[in-house]
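The values are calculated or read from the model by the stated rules, or taken from the named source; none is laboratory data. A quick note: this is a predicted structure, and the numbers were derived from the prediction, not measured. We place every Cβ from the backbone using ideal geometry, glycine too, and count neighbours over all the protein chains shown.
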Amino acid sequence: MKTNTDFLKQIIQCPLDKTQYFQEKYTKRQIVLHHTASSGNAQNVIAGWNKNAERVGVAFVIDREGIIHQAFNSAHWAHHLGTHEVNNTL
């Protein structure tokens, strides 16, 4: 019988370069789900993050098949929505 944690055994490690995320540990209080505008190939998404210097990325990417790919330890963090400042003077 499968348990609720069986999916954890199927996580594929697809490491993001250590210069592409912040290695300080940060306590998380929420989960943010969003999609990429890519082909749905998690390895290509992570490879794309490795090509920029903005430290944009997420710890986990789920591909179209439902397979989880881990880019870095979830205790660490990166800018998941980009690094542009928002003007809040509306």
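Table for the structure above
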{"item": "Every residue from region 42-73 that is at pLDDT below 90 and of a type in the set (S, T, N, Q)", "result": "Asn52"}
{"item": "Members of region 21-33 found to be assigned to a loop (DSSP other than H, G, I, E, B) and closer than 13 Å to Ala59 by Cβ, listed by number", "result": "Tyr21, Gln23, Lys25, Tyr26, Lys28, Ile31, Val32, Leu33"}
